[in-house]
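Engineer: This is the structure I have questions about; it appears just below.
The values are calculated or read from the model by the stated rules, or taken from the named source; none is laboratory data. Since we're looking at a predicted model, the values are computed, not measured. Positions of Cβ are backbone-derived with ideal geometry, glycine not excepted, and every protein chain shown enters the neighbour counts.
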Amino acid sequence: MTLPSTTEADAATLMQNAPDSRPAPGTKQRVLSGMQPSADSLHLGNYLGALVNWVRMQEEYDAVFFIPDLHAITVPQDPAELAHRTRVTAAQYIAGGVDVDKCTLFVQSQVPEHAQLAWVLNCITGFGEASRMTQFKDKSLRHGSDQASVGLFTYPILQAADILLYQPQGVPVGEDQRQHVELSRDLAIRFNSRFGETFTVPEPFIQKESAKIYDLQNPVGKMSKSAESPNGLINLLDDPKITAKRIKSAVTDAETEIRFDRENKPGVSNLLTIYSGISGLPVEKIVADYEGKMYGHLKVDLAELVTEHLAPIRERAHEFLADPAELDKLLAHGADKAREIASATLRDVYARVGFLPYAGTQGSL
Ligand code: ATP
Ligand code: LTN
């Protein structure tokens, strides 16, 4: 039997022939983002701060959205719960307007190239560099540093792999993720200079402060699934009665005037931001409409506006969840689409670092 031989010339040809995973010149720019499947429902902050923006972006960009389930096991997880949350998150993306015909939507663990590229990137990341990531510091403190896994430590490097595989120009995320996008830029630049031009260096597209939603009970802290009490949270999948009750009990202040003042009136300002985010009306117009009215009026109207807006999203999400096989099919289709790009990038990366081309019959790598 003759074994296939690999020479430097072969490797060079492979590199030249590597299918380019970048968007073709003159076509739409690519953006990529993801939200962890770490809760039973997305909250209004995830919706207004991220999802609404994604839905808008899929019209203008070649958009890639995914559910980072590999990231979700960096802290201890319950397997059945993770599987459920992955579907719930996907169902909410789609119910909230992510259109699988306009973008690429998939689950991270179904595209093995993420873990494969992460290994290569692990090997060009400095230990000190990874130690400076603030999310790791925060989370390892929260869970106790003895409990923190090595996976949690290398979380940002997996995130860099998520990004760089797809060669996106932009990564729409909240301010808290800026440092991770910066790391992916640094790794792209480092890899390109060591091994030749391979990765697009991505830009963070940071959401505007105006899209930030605060906790209804503690309006100086952001609305977050890890809040101490659920009363400040509006979940997309909650019963509308609970949502209305939480809005009506939102913390305001001792004054009576409805105006936007983040500093001195954080509670009222947050309600106005939510009103504006849902209705599409500018805050000034809402303030003008409520001149002379009481906080109670604003809350009652907002409760109705939010519950009516969320009702069809909740309904559609439940329809998807009632037919998980159909949802899994949509996600598998998304993973196939994603792999076309991801495998091209990974093939190029493997050749550049000096891995032999695979000459067997079990898939391409
Ligand atoms: P955690 O409670 O663990 O911090 P989270 O509920 O804040 O999580 P993430 O998974 O960190 O949510 O974020 C997913 C996306 O939602 C990110 O793009 C993030 O910027 C956005 N996001 C989260 N919370 C808010 C918020 N309160 N206002 C606006 N955007 C938000
Ligand atoms: N760490 C992000 C989720 C995430 C992500 C990504 C976002 C994982 N990989 C790649 C953008 C691009 C978060 O917690 N929001």
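Engineer: List every residue pair whose Cβ atoms sit under 7 Å apart, with the two residues 6 or more apart in sequence or on different chains, where the first one lies in the stretch 91-113 and is in contact (Cβ under 8 Å) with a residue 60 or more places away in the chain and the second, anywhere, is within 15 Å of ligand 1 (Cβ to nearest atom) and in a loop (DSSP other than H, G, I, E, B).
Structural biologist: GLN92/LEU42; GLN92/LEU236; LEU105/VAL98; GLN108/PRO68
Engineer: Sort through LEU164, LEU237 and tell me the only one that's in contact (Cβ under 8 Å) with a residue 40 or more places away in the chain, away from ligand 2 (no atom under 14 Å from the Cβ) and surrounded by 17 or more Cβ atoms within 10 Å (Cβ to Cβ). Walk me through it before giving the result.
Structural biologist: Values: LEU164 fails: away from ligand 2 (no atom under 14 Å from the Cβ).
From the options LEU164, LEU237, the qualifying one is LEU237.
Engineer: Considering every residue within the stretch 183-205, establish whether at least one is within 11 Å of ligand 1 (Cβ to nearest atom), touching a Ser or Thr at 6+ places or on another chain (Cβ under 8 Å) and not basic (Lys, Arg).
Structural biologist: No, the conditions are met nowhere in the stretch 183-205.
Engineer: Inside the stretch 350-365, can you point out the residues that are under 21 Å from LEU164 (Cα atoms), part of a loop (DSSP other than H, G, I, E, B) and at pLDDT 95 or above?
Structural biologist: Result: GLY354, PHE355.
Engineer: Hey, could you check the stretch 142-157 for residues that are at pLDDT 95 or above and within 15 Å of ligand 1 (Cβ to nearest atom) and say which is surrounded by the most Cβ atoms within 10 Å (Cβ to Cβ)?
Structural biologist: If we take residues in the stretch 142-157 being at pLDDT 95 or above and within 15 Å of ligand 1 (Cβ to nearest atom), then PRO156 is surrounded by the most Cβ atoms within 10 Å (Cβ to Cβ).
Engineer: Cβ-Cβ distance below 8 Å, separation of 6 or more or different chains: which pairs start in the stretch 172-192 with a residue that is over 14 Å from ALA118 (Cα atoms) and end on one that is assigned to a helix (DSSP H, G or I) and away from ligand 1 (no atom under 16 Å from the Cβ)?
Structural biologist: Partner pairs satisfying both residue conditions: ASP186/GLU129.
Engineer: Need a quick list: helices (runs of 4 or more DSSP H) entirely within the stretch 27-141 having at least 3 residues that are crowded, with 20+ Cβ neighbours inside 10 Å and of a type in the set (Ser, Thr, Tyr).
Structural biologist: Fully inside the stretch 27-141 and qualifying: 79-95.
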